[in-house]
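Report on the following structure.
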Amino acid sequence: MQLANINLRDMLDLVSITSSCNDLPKMYQNVLTKMLTLFNSERANFLIVDNASGDLDLNNTFSIGLDQKYAHLFSDYYYKFDPFYAARNSGKIVLTVKDFMQYQKWINLDYYRKFQKIQNIFHQMSIHLVFERKFIGVLALFRSERLSDFSDEEIRIANILAPYLAASIEKIKSMAQMSSELNLYRIEHKFSSIGTVILDGRFQKLYSNEKAEQLYLSEGNKQNTSPQIDKKETNSIFSKIKCECVSLRSIMQDDTNEENPKQDKTYYPIETIYKKQDNNFKISIFAQNNFPMSLGTATYLISIEDINKSSNNEMLILEEKYGLTKREIEIFLLVSKGLTNKEISQKLFISQFTVKNHLKNIYTKIGIKRRTKLVASKI
């Protein structure tokens with residue numbers, strides 16, 4: 001069957017774009033550009049589902065031909081009156097104005113007159129992307145009144161293309177998530193953590209072990225996912241962690257604004273020492289910017305170490321396994337922290353010559369030849 005006004009090569013190109021691209025934002029832009037041509041439309045946008053809520057994230061959109069100020073107006077207010085938004089969970093893949101009402105009624109809606117009309121939008125077709133019953137997002141195409149409405153044939157083609165688009169988006173998101181989790185897993189195993197927490201881009205808990213629940217979540221407001229710090233939380237470990245995450249988010253935002261941002265970048269903040277009762281805990285926070293995903297899907301790893309316990313274990317190993325003396329253990333730990341021979345001699349009130357002699361003994365006992373190996377060693 002010949003497809004009226006639809007170029008078969010354009011359809012094949014669109015499928016090729018979605019199946020070969022591994023950069024989600026780039027794919028969105030390429031798909032929107034191709035869809036504008038394929039469906040003879042003037043404007044288009046992608047609304048993406050937020051992983052945490054399972055609903056559309058109105059602040060996470062990609063668009064062509066639409067003024068961003070109207071995107072903000074929509075997310076702040078007008079979405080409440082949009083029949084297409086209200087029908088996002090209707091189960092129907094493709095929707096046009098005619099699925100809701102006749103055009104005579106459409107042009108009399110306050111939503112149309114106060115929001116759509118001033119953007120020169122008259123016709124709309126929304127394509128709901130679903131992968132294995134999981135809602136992925138919505139791709140919307142817009143035409144002005146000078147163009148005709150979307151035809152039955154175009155609606156049929158949109159229904160054909162929707163599964164391919166959904167599957168490709170889910171593939172890229174899964175690959176990025178796997179890469180992120182692998183990187184965080186590698187980081188976690190570099191530390192003698194007693195507690196581990198993983199947060200999503202909106203600081204909602206994805207995972208925590210029992211010790212982390214005791215130290216971290218028992219003091220924080222589990223329902224508060226705002227980046228703002230509540231005054232009641234000011235002295236809690238929860239607020240300290242949230243402040244660090246907010247700081248990392250700012251760093252990642254700067255990175256996404258670069259012309260060629262680095263991919264799968266892991267950010268290391270300054271470690272925080274937190275005291276609870278008689279114990280000291282070291283909190284290390286790492287943020288994985290899940291390129292090609294958005295900041296909203298960044299992942300934060302919080303590693304909680306018991307300083308007293310980890311230090312005692314390390315000293316025991318140095319003494320029993322390697323036979324280091326008390327003074328050699330002191331020097332080993334100071335070198336591991338990056339102190340120079342001069343700084344160590346000043347701290348321990350011994351000469352630099354004595355420090356060098358102790359280091360020679362340490363190298364021999366542990367079986368290394370260079371200082372860099374000692375600094376990098378993991379006992």
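Key figures
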| read-out | value |
| --- | --- |
| Greater than 26 Å apart at Cα, pairs in K240/K337; K326/K356; K326/K347; K26/K114 | K26/K114 |
| As computed over the range 322-376, the Cα convex hull volume per residue (Å³) | 67 |
| Separation between Cα centres of the range 106-182 and the range 42-93, rounded to whole Å | 9 |
| Inter-site label distance for K321 and M175 at 7 Å from Cα along Cβ, in nm | 3.9 |
| 3J(HN,Hα) from dihedral phi, the range 153-163, Karplus parametrisation 6.51/-1.76/1.60, rounded to Hz, x for glycine, proline | 5, 5, 5, 5, 5, 4, 5, 5, 6, 3, x |
| Net length gained if the chain between A167 and K134 were fully extended (0.36 nm per residue, minus Cα distance) | 10.8 nm |
| Length added when fully stretched, K105-K356, from 0.36 nm per residue minus Cα-Cα | 81.6 nm |
| Cα-Cα pairs of the range 8-173 separated by more than 20 Å (percent) | 48 |
| Distance between modelled label sites at Q29 and D13, nm, 7 Å Cα→Cβ extension | 1.7 |
| Relative contact order (%) - the range 8-173, alpha-carbon pairs under 8 angstrom, separation at least six | 25 |
| Computed label-point distance, nm, for sites T340 and D67 using a 7 Å Cα→Cβ extension | 6.1 |
| Local net charge near E328, Cβ-Cβ under 11 Å (Lys/Arg +1, Asp/Glu -1) | +2 |
| The range 322-376: relative contact order in percent, alpha carbon pairs under 8 Å with at least 6 residues between | 45 |
| Net +/- balance of residues flanking Y77 in space, Cβ distance below 13 Å, scoring K and R +1, D and E -1 | 0 |
| Under-5 Å amide H pairs with G201, H placed in peptide plane, nonlocal only | A298 |
| Residues F74, F46, F332, F135, sorted so that the one with the fewest Cβ neighbours within 10 Å comes first | F135, F74, F332, F46 |
| Local net charge near N120, Cβ-Cβ under 15 Å (Lys/Arg +1, Asp/Glu -1) | +4 |
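All of the numbers you see were taken from the coordinates with simple rules; none came from a lab. What you are looking at is a predicted structure, and each value in this text was computed from that prediction instead of being measured. Counting neighbours? That spans all protein chains shown, and the Cβs are built from the backbone with ideal geometry, glycine included.
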